[in-house]
Amino acid sequence: MKSLVFLLLVTVASATQYSRCEWARVLQAYGMDGYYGISLANWVCLTQWESDFNTDAIDHDSDGSTDYGIFQINSRWWCEDYRTPGSENACGIQCSELLTDDVGIAINCAKRVVRDPNGIGAWVAWRSHCQYQDLSSYVEGCGL
């Protein structure tokens, strides 16, 4: 129990809420602009609608799975939270790793997600808010 409380405190203490342009620069530094043909504006739009650029965002889904972190990566398919039966864990990570300010882990998993046949369409928020939209405002004024 003590280790769980410690893990939760570390997770809360290391979470980050990015501004739009700050997050766009981080994504660019990690090579996300053009990764798998996906523009930086698409990534910024996706993460704004999924988590509002918050690394400690958590959302519980109706199917019993949970979405974690800035990309809202799902425990049924991409990470292991030990609560989601039949987790595929395709990224080979613990879901708790997606809740820290080490965004490299989340970015690497997001790269894995887009290599899946659904691509960026795996994210409902992207399909609902970003697909077929002019996304230039998501990187406008960021000096990129």
Starting from the Cα of Ser19, move 7 Å in the Cα-to-Cβ direction to define the label point; list residues of region 34-51 whose amide nitrogen is under 13 Å from there. none
Along the Cα→Cβ direction, 7 angstrom out, place labels at Ile58 and Asn108. What is the inter-label distance in nm? 2.3 nm
Between Ala125, Ala90, Ser62, whose Cα lies farthest towards the positive end of the dipole of the chain when Lys and Arg beta carbons carry +1 and Asp and Glu beta carbons carry -1, centred on the Cα centre? Ala90
Computed lengthening from Leu144 to Arg115, 0.36 nm per intervening residue step minus Cα-Cα distance: 7.9 nm
Restrict the search to region 19-93; then list the trypsin sites (Lys or Arg not before Pro) that DSSP places in a loop and that have at most 12 other Cβ atoms within 10 Å of their Cβ. Arg83
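Hey, got a sec? Which GluC sites (Glu not before Pro) in region 12-104 land in a DSSP loop and have at most 13 other Cβ atoms within 10 Å?
For GluC sites (Glu not before Pro) across region 12-104 that sit outside H, G, I, E and B with at most 13 neighbouring Cβ atoms in 10 Å, the list reads Glu88.
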Sum of -39500 (n - 2.57) over DSSP H runs of 4+, divided by residues of the chain (222 nm, nearest 500): -10500 deg cm²/dmol
Work out Dmax and Rg for region 77-142 from the C-alpha atoms and quote the Rg first, both in angstrom. 14.2, 44
Just how large is the dipole of region 41-144 about the Cα centre, in debye to the nearest 20, putting +1 at every Lys and Arg Cβ and -1 at every Asp and Glu Cβ? 360 debye
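Every number here is computed from the coordinates shown, using simple stated rules; none is lab data. Computed from a prediction, not measured in an experiment: that's the story for all the values here. All Cβ positions, glycine included, derive from the backbone under ideal geometry; neighbour counts span all protein chains shown.
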